[in-house]
Amino acid sequence: MSKNKFFFFAFLSSFITLAQPHPNYWQQQANYKMDVDVNVKKYTYTGEQILTYTNNSPDTLHRVFYHLYFNAFQPGSEMDIRNQNLKDADKRVKGRIDKLKPNEIGFLQVNSLLQNDKKTTYTVAGTILEVTLPTPILPGQTSTLQMNFTGQIPIQIRRSGRNNAEGVALSMTQWYPKLAEYDAEGWHADPYIGREFHGVWGNYDVHININGKYTVAGSGVLQNPEEIGHGYSTTAVQKNSKKLNWHFVANNVHDFTWAADPDYVHDFLPLDGNKKLHFFYKNDKAIIANWKKLQPITKQLLAYYETHIGPYPYPQYSIIQGGDGGMEYAMCTLITGKRKFGSLVGVTAHEMAHAWFQHILATNESKHEWMDEGFTTYISNLAENEVRQNNLSFPNEGSYRSYQKLVESGLEQPQTTHSDRYRLNFAYGVSAYSKGAIFMEQLGYIVGQENLAKIIKEYYNHWKFKHPKPNDFKRIAEKVSGIQLDWYLTDWTKTTNTIDYGITAVEKKKKNTQITLQRLGLMPMPIEVLVSFKDNSTQLFYIPLQMMRGQKPVDKPTQILKDWAWAYPTYTFSIPNKKSAIKSIQLNPTKKMADINVENDIYNMSN
């Protein structure tokens, strides 16, 4: 090795070490090369896949697991049975899968699978392919897995499929045999029951051979635009039934999705740095105006996320009409397009935010669904409020109302519940989206809004292109704010403890007025108390929580009181009497603390 090469590799090794979020962190690498041939008349396809897998773990791997997601769309599948037994089952699913005919079901069939040209032994268990390797993969070793497979595209039911309700021909999500993630917790080979996903970081090189009348959209950058045409370049290619081969490359992602339709309109907007926003939607007079209006707003949304989270690192992002609602994928989203304009913007704002909170910051959303859905809900509500100039003072207030309903229902489960194990879709939805958004909004109440803004950016910088877990986010928040937050992560996400503080007594004495507060709920919090006087003046008091071992920055007019230790159920403080008498006392004036009983938060003084 030359001296220059030695120094280069030493530098690279040092850089990689420094880039790891903590010394023991590692993640696997899976690079895919796929060549797929599609029969649009029979809704079938054949594929060749060469998977180069690098075992960066300290473990020797004797087995690997693949997801075969399309197998969920068969009568008797776990997705089918689960939805038949849920009290509030998804109407898009219940009573539909069990009625599919053989030519309407979905499936992924593995025809052959080799490891470094040696035959493997494998079995299929529903949506999981279990593979015994002829040669174990040692730590630090790379192995090649060669597969031939056949798929059938199901009637569009949930996310994936053909001929969705709006007439989009192919929504190809979760369409290929996808290697399951292996990390410090072991294999994440969860059966597909209809909710969330987790994937291995890698690079995708994909060829899609399809009828020439179809326009293809999806993850990655098209490599042969002059050959394909269809709006990707100035060169027009006449549409005909002769097959065209679309070649896409997507680097540093953990999924690959595409959609296709013969009637797609394709628009794009240039961004800084030779990046582009793409829009694919049906040539339908009823929706064209809305999709045209959507485009400059989407550009503004992307700019908002770049400003408040971090730079969008990929060359393109596509908004694609398809699927059955809205779902995020690598470098793109599939959304239904026949919506009122406000709804179209709302779903775009949410799904685009997932490009950061899931496809750059890739949590295991099967286990920590509140991190991607909740953080996305929080930031997309803020983004939509600013971009559309809604001028809402509290854009995430709706999440608090939803959470209140969940608490009152008695159906809440801890946020540590696996996404497939919620008793009700209602409980899952509120826990993941609403309570997840409150986690972030309430964190701003605890550590201060300026600190929260710094935390989000540092989280992005530290954990981009990796798999952060809840404690990883918490540690970033602690380091930025200087506040201890283990109590917050524990009570809010690992229990169903609630926040309930109340004003229990107000006693006016000669020189001062004594105010007694009580902690009625099990979850601790720092407390803000706003005292209003009859001359319309106010005074804000701040009571730090002792176990925080610190406090958020507060404005000078705010009076900081002695901290409150959680085990003490009551807390009393005094206010010197002023010339103007007290009119009212209010806990939680910003409403950012998710107190479940507002009735005991206000005390009005009698005349």
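The values are calculated or read from the model by the stated rules, or taken from the named source; none is laboratory data. If you're wondering where the values come from, they're calculated on a predicted model, not measured in any experiment. So basically every Cβ, Gly included, is an ideal-geometry build from the backbone, and we count neighbours across all protein chains shown. Only protein heavy atoms, including side chains, enter the accessible area calculation; ligands, DNA and RNA are left aside. Shrake-Rupley method; radii C 1.70, N 1.55, O 1.52, S 1.80 Å.
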> Can you run phi through the Karplus equation (6.51, -1.76, 1.60; θ = phi - 60°) for the stretch 301-314 and list ³J(HN,Hα) in whole Hz, with x for Gly and Pro?
Replying inline: 4, 4, 5, 4, 5, 5, 5, 9, 10, x, x, 7, x, 9
>> Distance between the C-alpha centers of the stretch 237-304 and the stretch 31-89? Whole Å please.
In response: 25
> Residue separation times 0.36 nm, minus the C-alpha to C-alpha distance between Asn512 and Lys242: what's the value?
Replying inline: 88.4 nm
>> Using amide H atoms built in the peptide plane, which far-off residues or other-chain residues are under 5 Å from Lys466 H to H?
In response: Ala362
>> Can you give me the orientation-averaged projected area of the convex hull built on the Cα atoms of the stretch 238-356, in nm²?
In response: 8.1
>> Please state the shape class of the stretch 299-402: rounded when a/c is under 1.5, otherwise prolate if a/b exceeds b/c and oblate if not, all from the C-alpha gyration tensor.
In response: rounded
> Just how large is the dipole of the stretch 416-563 about the Cα centre, in debye to the nearest 20, putting +1 at every Lys and Arg Cβ and -1 at every Asp and Glu Cβ?
Replying inline: 200
> How far is helix 369-387 tilted off the main Cα axis of the chain, in degrees rounded to 10, range 0 to 90?
Replying inline: 80
> Does a label point 7 Å from the Cα of Ala581, set along Cα-to-beta-carbon, have any residues of the stretch 495-513 with amide nitrogen under 18 Å, and which are they?
Replying inline: 506-513
> Quick one: which of 397-404, 571-578 comes out on top by average Cβ neighbours within 10 Å, and what's the full order, highest first?
Replying inline: 397-404, 571-578
>> Please compute the length gained on full extension between Gln449 and Lys285, using 0.36 nm multiplied by the number of residues separating them and subtracting their Cα-Cα distance.
In response: 54.6 nm
>> For the pairs Lys552/Lys592; Lys33/Lys466; Lys87/Lys405; Lys282/Lys457, flag any whose C-alpha to C-alpha distance is greater than 25 Å.
In response: Lys282/Lys457
>> Tell me the volume per residue, in Å³, of the convex hull enclosing the alpha carbons of the stretch 127-250.
In response: 153
> Pulled fully out, how much extra length does the chain show between Leu520 and Ser393, if you take 0.36 nm times their separation in residues and subtract their Cα-Cα distance?
Replying inline: 42.9 nm
> Taking a probe of 1.4 Å, how large is the accessible area per residue of the stretch 241-375, in Å²?
Replying inline: 30
> What spacing in nm lies between the two simple spin-label points modelled at Tyr25 and Lys293, each 7 Å away from Cα in the Cβ direction?
Replying inline: 4.3
>> Ignoring solvent entirely, what values of log10 I(q)/I(0) come out of the Debye formula for the chain at 0.06, 0.10, 0.12 Å⁻¹ when each Cα is a single scatterer?
In response: -0.37, -0.93, -1.25
> Which of the lysines could be linked to Lys276 by a straight reach, that is with a Cα gap under 19 Å, when you skip same-chain ones fewer than 8 residues away?
Replying inline: Lys292, Lys293, Lys299
> Between Leu170 and residues 5 or more places away or on another chain, which pairs have amide H atoms under 5 Å apart, with H built 1.01 Å from N, and which residues are they?
Replying inline: Asn163, Ala260
> Where does helix 449-463 land angle-wise versus the long Cα axis of the chain, in degrees 0 to 90, nearest 10?
Replying inline: 30
>> Quick check: pseudo-label points 7 Å beyond the Cα along Cα→Cβ at Lys42 and Ser343, how many nm apart are they?
In response: 3.8
> What would the Debye formula give as log10 I(q)/I(0) at q = 0.13, 0.14, 0.15, 0.18 Å⁻¹ for the alpha-carbon point model of the stretch 477-607, no solvent?
Replying inline: -0.56, -0.64, -0.73, -1.03
> Short version: ³J(HN,Hα) in whole Hz for each residue of the stretch 240-257, in order, from phi by Karplus 6.51 cos²θ - 1.76 cosθ + 1.60 (θ = phi - 60°), x for Gly and Pro, what are they?
Replying inline: 8, 6, 4, 5, 10, 10, 8, 10, 10, 10, 10, 9, 6, 10, 10, 5, 8, 10
>> Need one word for the stretch 263-303: rounded, prolate or oblate. Basis is the Cα gyration tensor (sqrt eigenvalues a ≥ b ≥ c); a/c below 1.5 gives rounded, then a/b vs b/c decides.
In response: oblate
>> Once neighbouring chains are kept in place and the probe is 1.4 Å, which whole percent of the accessible area of the stretch 133-201 is contributed by carbon and sulfur?
In response: 49
> Excluding ligands, DNA and RNA, what is the solvent-accessible area per residue of the stretch 143-220 at a probe of 1.4 Å, expressed in Å²?
Replying inline: 20
> For the stretch 41-50, in order, what is each residue's ³J(HN,Hα) by Karplus, 6.51 cos²θ - 1.76 cosθ + 1.60 with θ = phi - 60°, in whole Hz (x at glycine and Pro)?
Replying inline: 7, 9, 6, 10, 7, 10, x, 10, 10, 10
> What is the distance, in nm, between label points placed 7 Å from the Cα along the Cα-to-Cβ direction at Asn252 and at Lys457?
Replying inline: 1.9
> At a 1.4 Å probe, what is the % contribution of carbon and sulfur to the accessible area of the stretch 448-607?
Replying inline: 49
